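Here the structure comes first, spelled out in structure tokens, and everything after it is commentary.
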Amino acid sequence: MHVLVYTRKWKDIKLGAMRKAQLLDISLSTADNRCIFVAKAMAADNSDAIVGCCEVIEEQLDITMSPKITVSERERRKTARLRPVIENLCVKQEYRRSGVGIALAHACEEAVRLWPGHSEIFAQVEDENTRAYHLFRKCGYQFLFADPTCTEVVLENALFAKEVKVTKRMMRKFL
């Protein structure tokens with residue numbers, strides 16, 4: 001696997017307490033498009049700390065209709081096509097509401113603009129995560145439907161994990 005790593009330095013991007021921010025983009029060349037973004041805060045002593053991250057990945061997604069509880073994920077994917085989806089966006093608690101999440105979402109959007117054949121981007125947000133939902137709404141994403149067929153892996157302890165059903169809101173933005 002070939003990994004490309006490059007850094008973009010941003011100045012004056014209004015990240016509250018951060019004077020300088022750095023966005024690291026790791027593009028993995030695979031059959032599918034995928035980018036991972038890491039936001040770093042630069043301190044006065046030139047040290048940096050990771051304050052947020054996310055990824056955008058091309059995955060099979062069917063948005064033709066709201067999913068029904070009786071329809072399995074596998075059956076819905078038969079009519080799906082590849083679409084870019086923002087996943088796993090997280091920001092360190094003390095940097096929330098300072099623009100880091102918006103900067104990460106915009107970085108994903110810019111990456112997708114370079115991918116051929118895409119004029120929209122999607123985000124899946126857990127139903128209980130109202131902060132993330134409002135962040136994407138602020139960035140121009142519109143609610144499409146709630147998907148109760150999603151699963152997430154939860155660690156029970158150091159040795160065991162289990163899959164649990166969760167409801168996620170599907171959101172879309174036209175680029």
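Some observations on this one:
- The set of residues from the range 116-160 being open to solvent by less than 60 Å² (accessible area, probe 1.4 Å) and either free of Cβ contacts under 8 Å to residues at least 12 places away in the same chain or among the aliphatic types (A, V, I, L, M) (or both) comprises Ile121, Ala123, Val125, Ala132, Leu135, Leu144, Ala146, Val154.
- Candidates in the range 88-115 are the residues that are without any contact (Cβ under 8 Å) to a residue 60 or more places away in the chain and in contact with a Cys (Cβ under 7 Å, 6 or more places away or on another chain); of these, the one that is surrounded by the most Cβ atoms within 10 Å (Cβ to Cβ) is Ala105.
- Residues of the range 33-52 that turn out to be modelled with pLDDT of 80 or more and either over 20 Å from the mean Cα position of the chain (by Cα) or in a loop (DSSP other than H, G, I, E, B) (or both), as a count: 1
- Residue in the range 116-133 that is closer than 20 Å to Phe37 by Cβ and of a type in the set (Val, Ile, Thr) present: yes
- Here Leu144 meets each of (1) touching an Asp or Glu at 6+ places or on another chain (Cβ under 9 Å); (2) under 21 Å from Val56 (Cβ atoms); (3) assigned to a strand (DSSP E or B) with one exception, condition (1).
The values are calculated or read from the model by the stated rules, or taken from the named source; none is laboratory data. Please read these numbers as outputs of a predicted model, since none were measured by experiment. Glycine also receives a Cβ, built like all others from the backbone with ideal geometry; neighbour counts cover every protein chain displayed. Ligands, DNA and RNA are excluded from the accessible area calculation, which covers all protein heavy atoms including side chains. Shrake-Rupley method; radii C 1.70, N 1.55, O 1.52, S 1.80 Å.
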